[in-house]
Each structure stands twice: as C-alpha cells, then as structure tokens.
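The values are calculated or read from the model by the stated rules, or taken from the named source; none is laboratory data. Since the model is a prediction, treat every value here as computed from it, not as a measurement. Ideal geometry is used to build each Cβ from the backbone, glycine not excepted, and the neighbour counts take in all protein chains shown. With ligands, DNA and RNA removed, areas are computed over all heavy atoms of the protein, side chains included. Shrake-Rupley method; radii C 1.70, N 1.55, O 1.52, S 1.80 Å.
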Amino acid sequence: MNKKTELIKYGVLALIIGIIIGIIDTIFGKGLILVGEIRNNYFWYLVPFLPIAGLLITWLYRHFNELSLKGMTLVFETGQQKRDAIPLALIPLIMICTWITHLFGGSAGREGVAVQIGATLSHYFSRYFHFPKNGKVLLITGMAAGFGGLFQTPLAALFFAMEVMIVGKIDYEALLPAFIGAFSASYTSHFLGLEKFSVKITQTINTNDFKNIFLMIILGILFGFVGKLFSLSLAKLKDIFKKKFENSYRRIGFISILLVVGLMLFKGRYSGLGTNLIDLSFHQGTIQIYDWLLKLVFTIITLAIGFQGGEVTPLFSIGASFGVVLAFIFHLPIELCAALGYVAVFASATNTLIAPMMISIEVFGGSNMMIFVIVCIFAYLVNGNHSIYGAQINHFD
C-alpha cells in the first residue's frame, strides 16, 4: 500500500469511526445527564445504596471481563505496543458502570469513558482491516474522536490524543486521521443534540504590566500544585486501599459507606461530574473556600476504590472553584481566574500542554490566549511529569 492510498484509507475510516463514536458519545452523554437528573431528584433515596452499587460494578467486571478494569492503562499499553488488543466488552461495561456510579452519587467524570470507548472501537477497526503498526494511528484517532464527541472541543481532543500517551513525542502520522475523527465525532454529537459547555470570557488584564504577568505565573504554579496533588493522591490512595483491602468487594463495599456519610453530610454538593461547581464559578454563585479541596477528595476516593468514570470534568470543577478562591485573594477578575483554573489544573494533572491551551480557545474564546498560555506553561512545569494516567510514558526519561 503506497503512502497516498494509505492516507486516503485512514481518512475514510477516520470519518466513519468519528461518526460512530459521535453517536455512542451522544448516547452515553445524554444518559449521564438523565442519570444526574434522577440522582438530584431522588438523592436521599439513592445515595444510601452506593455501597451496593459498588458491589454490583465489581461483580459485573469480574463476571464479564475483569481485564477491562484496567481502563485507560489498556489503551496506553496498546498504543505503546505492549498489548495486542482491547476487549470490546469494555465499551458496554464502562458505560453501564459509569451510569451506575453517577446514579448513586459517586464523584467521577466522563472523559476517560469516552476516550476508552473511542480507542477500543478504533483499535477493533484497525485489526479488522489489517492496518500496520498495531493500529496506533487509528487508536489515536479513536481517542481523539471519543474526547471530541463528548466535549465538542475537537482541537483539544486532537492534541490530547496525540500528546498524552508518550510525553514529549507526537506521532504526526496520526495528525490527519485524528483531526478527521475528532471533528466528525464533534459535529455528529452536536447534530444529535448533545450540548457543549462554553463561556465567553470578556474579562481581561493588562499583559503589559509586569505585576500582572508575575501574578499569572503565581497562579500557574498554584494550579499546577493542585493538579499534582490530585494525580499523586489518586495513585497513592489506590495503592493504600489495595493493600488494606485485597478483596475488591470489601474495598468498594466498606469504603463507600464512608463516602455515603460524606456525600449526605454535604447534601450531594460533591456528587457527580462537578458541573454544579463549574456553573457556580462562572455565573456568580456561592463558591466556598473549601469546595475545590472537598471535590478533589471525594473524586479521588470514588475512583480509588473501584467506581467508574473519568477524572477530567471533576478536574475542571476543582480548577474553576479554586480559581474563584484565588481571584478573591489576588483581587483578579473572577470569571477569568475560574477559566484559568479550569484549564491549568487539567494541564497539570494530565501532564499535557497543547490540549489545555486548545480548550481555552474552544471553551472560553481566544481573546486571552497569552494569559492562558503563561498559566498553562507554569502549571505544566510544576507537575514534575506526574499524571493521573499511570501508564503514561515520558519520552525524555
């Protein structure tokens, strides 16, 4: 197969993959919205059953495909050519189990689910159509489509998929297929009625003033430490819980009882994705000084004991609410600081740089691009190559 023919084949398949994943993302995303509404309406009746929901999730994985529990690690290992395949059973399992997690009040995200769905489906296509290089190009394409279809930020999705697997190395061969996959998935989910979150930030600061630039560097460092705190704590807590409770049923069953107490104590403020905190941050709601920290704690515990979901939307909510706190401390525009935290904590926790910059453009507009770049750079530098993705490889090591 010559280069031109291969590129055309990649492009056509990327379009098909993007459309299919966009449809699946819509089903998953709308299902998550419905589940969240049900939980909010019947919170006091559903949350007490979170431990039972955890036992059910554990049983489903053990009974149908326990390997799928590795989640994003499976995706990374396959892309790094350490593994030959991702089981298709992962798709229904992670969708259903994430819905269950959210229905009963768990604090978790959705991005990891979308990326895993995209990667699994695209890798299946690559094996079926006998693509070279273990289908790495199509794997990246599927990751971009999964992220892009759910968040409708195709540029961020494109660069996230290309830079997250191996830090410092971008496979440019995947650029066009991933671009097609991300945009086709995004347009498909938008056409099918999945809403995109965006806020037009009109506030700004004078970047010609050195004092303001210095403040942006300080913000970047602080956001970077929060992202690093999240990634380090998640990894550490997973290890601690596994050592204390070797039996996965006991681990998720016992510890989720404590989760129930905490979630009910705060009346569900830290349940679900964290979109409530995001809305409060950008629409002049009441953000408590401890909101970002409690959301971080509840999310880490939820994911560390075996509940399903991603980390990115909670990271957005942690960053936005922490940004509001810093805005009051440094006397800066609230919406702008919330937006900076939204992208910078994500940059630090995922150990990515270009993707969060793209998010700032696609979600908040490009008028403050210089400010976002400065904050993201320092948040990225502070994290010290730590990541929420344990299988991520650093090309420079």
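Among the numbered criteria (1) surrounded by 20 or more Cβ atoms within 10 Å (Cβ to Cβ); (2) under 16 Å from the mean Cα position of the chain (by Cα); (3) within 24 Å of Ser233 (Cβ to Cβ); (4) not aromatic (Phe, Trp, Tyr), which one does Ala391 miss?
(1)
For residues that are free of Cβ contacts under 8 Å to residues at least 60 places away in the same chain and assigned to a helix (DSSP H, G or I), scanning just region 358-397, find the one that is farthest from Thr207 (Cα to Cα).
The qualifying residue farthest from Thr207 (Cα to Cα) is Ser360.
What are the pairs, 6+ residues apart or on separate chains, where a residue within region 229-252 that is at pLDDT 95 or above has its Cβ under 6 Å from a residue that is among the hydroxyl-bearing types (Ser, Thr, Tyr) and not in a helix (DSSP H, G or I)?
Note: pairs meeting the criteria are Ser231/Ser387.
Mind checking which residues of region 119-134 are modelled with pLDDT of 70 or more and part of a helix (DSSP H, G or I)?
Ala119, Thr120, Leu121, Ser122, His123, Tyr124, Phe125, Ser126, Arg127, Tyr128
Given (1) touching a residue at least 60 places away in the same chain (Cβ under 8 Å); (2) open to solvent by 50 Å² or more (accessible area, probe 1.4 Å); (3) within 24 Å of Ser367 (Cβ to Cβ); (4) part of a helix (DSSP H, G or I), identify the lone condition not met by Phe214.
Going through (1) touching a residue at least 60 places away in the same chain (Cβ under 8 Å); (2) open to solvent by 50 Å² or more (accessible area, probe 1.4 Å); (3) within 24 Å of Ser367 (Cβ to Cβ); (4) part of a helix (DSSP H, G or I) one by one, Phe214 breaks only (1).
Here is a list: Leu315, Leu293. Which entry is outside any loop (DSSP other than H, G, I, E, B), at pLDDT 95 or above and crowded, with 18+ Cβ neighbours inside 10 Å?
Leu315
Scan region 161-185 for residues that are touching a residue at least 40 places away in the same chain (Cβ under 8 Å) and not in a helix (DSSP H, G or I) and report the count.
Adding up the residues that qualify gives 6.
Taking region 73-90, which residues are open to solvent by 20 Å² or more (accessible area, probe 1.4 Å) and aliphatic (A, V, I, L, M)?
Residues satisfying the conditions are Ala85, Leu88, Ala89.
Take region 20-39 and flag every residue that is of a type outside the set (D, E, K, R) and surrounded by fewer than 18 Cβ atoms within 10 Å (Cβ to Cβ).
Residues satisfying the conditions are Ile23, Ile27, Gly31, Ile33, Leu34, Ile38.
Just checking, how many residues over region 61-72 are over 15 Å from Leu121 (Cβ atoms), in contact with a Phe, Trp or Tyr (Cβ under 7 Å, 6 or more places away or on another chain) and open to solvent by less than 10 Å² (accessible area, probe 1.4 Å)?
0
Going by the structure shown, is Phe328 without any contact (Cβ under 8 Å) to a residue 12 or more places away in the chain and more than 30 Å from Leu69 (Cβ to Cβ)?
yes
Please find, within region 255-277, the residue that is least open to solvent (accessible area, probe 1.4 Å) out of those that are touching an Asp or Glu at 6+ places or on another chain (Cβ under 9 Å) and assigned to a loop (DSSP other than H, G, I, E, B).
Here the residue is Tyr270.
Which members of region 336-357 meet the condition of being outside any helix (DSSP H, G or I) and open to solvent by less than 10 Å² (accessible area, probe 1.4 Å)?
Within region 336-357, Asn351, Thr352 meet the criteria.
Restricting to region 160-183, name every residue that is of a type in the set (Phe, Trp, Tyr) and open to solvent by 50 Å² or more (accessible area, probe 1.4 Å).
Across region 160-183, the qualifying residues are Tyr172, Phe179.
Can you tell which of Gly323, Gly306 is at pLDDT below 95 and either crowded, with 24+ Cβ neighbours inside 10 Å or not in a helix (DSSP H, G or I) (or both)?
That would be Gly306, the only listed residue that is at pLDDT below 95 and either crowded, with 24+ Cβ neighbours inside 10 Å or not in a helix (DSSP H, G or I) (or both).
Restricting the first residue to region 9-29 and requiring it to be of a type outside the set (A, V, I, L, M), which pairs with a second residue that is not in a helix (DSSP H, G or I) meet a Cβ separation below 6 Å and a spacing of at least six or different chains?
Thr26/Leu192; Thr26/Leu194; Gly29/Leu194
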